[in-house]
Amino acid sequence: MRILLINVPHPSIGSRIPDDHLPPLGLLSIGGPLIAVGLFTRPTAFILSGEMAVAYFLGHFPNGFWPHTNMGEPAVLLCFVFLYIAAKGSGLWSVDSLRGAPAAKV
């Protein structure tokens, strides 16, 4: 019995991920771990906040203005969460604080 952990695409089908989803996937897969460990937290969170705003306005906004009608709640929520992290900065137990980055005076 063979168990596959990842769903690899068949060569005749091609990639299952659309090409316009690859850049945000790359940003989130690099930015997520950076924020999780607290390395370059503020610029990374600011970039990811902008990415979520673009995702909302390009992917959800054409279907209606309000997030609850166009299924855009996750994009709006993540946009504001990342914006809060960008304003607040990393915590005391982050790599940024170990390397002596200036802390937020909030």
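A few comments on the model shown:
- Cβ-based net charge around Phe82, under 13 Å, with every Lys or Arg adding one and every Asp or Glu removing one: +1
- The trypsin sites (Lys or Arg not before Pro) of segment 32-106 that DSSP puts in a loop, and whose beta carbon has at most 14 other beta carbons within 10 Å, are Arg99, Lys105.
- Peptides 63-69, 77-83 ordered by packing proxy, namely the average of other Cβ atoms within 10 Å per residue, highest first: 77-83, 63-69.
Every read-out reported here was derived from the displayed coordinates using simple, explicitly stated rules and does not represent laboratory data. Values in this document were obtained by computation on a predicted structure and should not be read as measured data. Positions of Cβ are backbone-derived with ideal geometry, glycine not excepted, and every protein chain shown enters the neighbour counts.
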